[in-house]
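Data block below; observations after.
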Amino acid sequence: MPVQTCSSCGAPISEPSRFCPECGAQLSGSSAPPQGNGRLLWAAIGCVACVGLLLLVACVGLLLFTFRSSRASASDLPTPPPVITAAP
């Protein structure tokens, strides 16, 4: 195996590496790691968060509406029919 030398400090590098073990410089011929699309990932996370928030607000609103409509007030109750009594 041929020995590679660092172009920055001149140190010999015997095993395949992306960086020099002596000075840490990036070796020529090595490519940078592939970059993922971080912007797309954050956009997807944002969309999921917005949908989740909308669902949460809708559920809370539905619960409040249901609770409020289930409570009967005095004006909502039917009035009992008048009691007619016969005079003796």
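Please treat every number below as a calculation from the coordinates, not as lab data. Everything quoted here is computed from the prediction, not taken from an experiment. As a convention, Cβ positions derive from the backbone with ideal geometry for all residues, glycine included, and neighbour counts pool all protein chains shown.
Between ARG18 and CYS50, the simple label model (points 7 Å from Cα in the Cβ direction) yields a spacing of 3.4 nm. The phi torsions of segment 12-19, fed into the Karplus equation with coefficients 6.51, -1.76 and 1.60 and a -60° offset, translate into couplings of x, 10, 8, 9, x, 8, 8, 10 Hz, rounded to whole numbers, with Gly and Pro shown as x.
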